[in-house]
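Peer 1: Once you've had a glance at the structure underneath, I'll fire off some questions.
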Amino acid sequence: MAFGSSQWMYKSGEAFTIDQSLRFDSATDPILTRTPASEGNRKTWTFSCWAKRGKLGQNSGLLGTPETAGDDNGENALRIKFDSGDSIGVYTDSTVAFALESTAKYRDPNAWYHVVLALDTTQGTNTNRIKLYVNGEQITAFGTANYPAEDLESAINY
């Protein structure tokens, strides 16, 4: 079988288990949580995951955070998700901080997508502060493009 086909990871008809992997069933509203023991770098970090879309046309979160301390409106809460329009984006709960939404659509429920978000708000050029990649290609076409302010502290590592 060729890499990239829907069958490359397993043989048809056979049950299989992939060690140290997770499968989320939307009917049970599953999540993973992590509470850091201490605050980490909130200006420079990278998130990476593999995701397979189960249902199209609905919001499918990859990463989400609660609001940060002192932020009563939750405006700094961060979300990385496939949205109901089948594009991918990264948002704070308010576009005051930042919001990027791709013009590309991700509508193949058989495909695995490797998603990487690199944030470095110490960069002087706004387009270098946040970079989004899908399957090794940097996304540069956005329907919404509000970049983070220089030295913004995100809700990650808080």
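Peer 1: Which order do 18, 139 take by accessible area at a 1.4 Å probe, largest first?
Peer 2: Order by accessible area, largest first: 18, 139.
Peer 1: In whole percent, how big is the carbon plus sulfur part of the accessible area of segment 114-153, probe 1.4 Å, protein atoms only?
Peer 2: 38 percent
Peer 1: Can you pull the one-decimal nm distance between simple spin-label points at residue 110 and residue 38, each 7 Å off the Cα toward Cβ?
Peer 2: My value for the distance between the label points is 5.0 nm.
The values are calculated or read from the model by the stated rules, or taken from the named source; none is laboratory data. Since we're looking at a predicted model, the values are computed, not measured. So basically every Cβ, Gly included, is an ideal-geometry build from the backbone, and we count neighbours across all protein chains shown. Remember, those area values only see protein heavy atoms, side chains included, never the ligands or the DNA or RNA. Shrake-Rupley method; radii C 1.70, N 1.55, O 1.52, S 1.80 Å.
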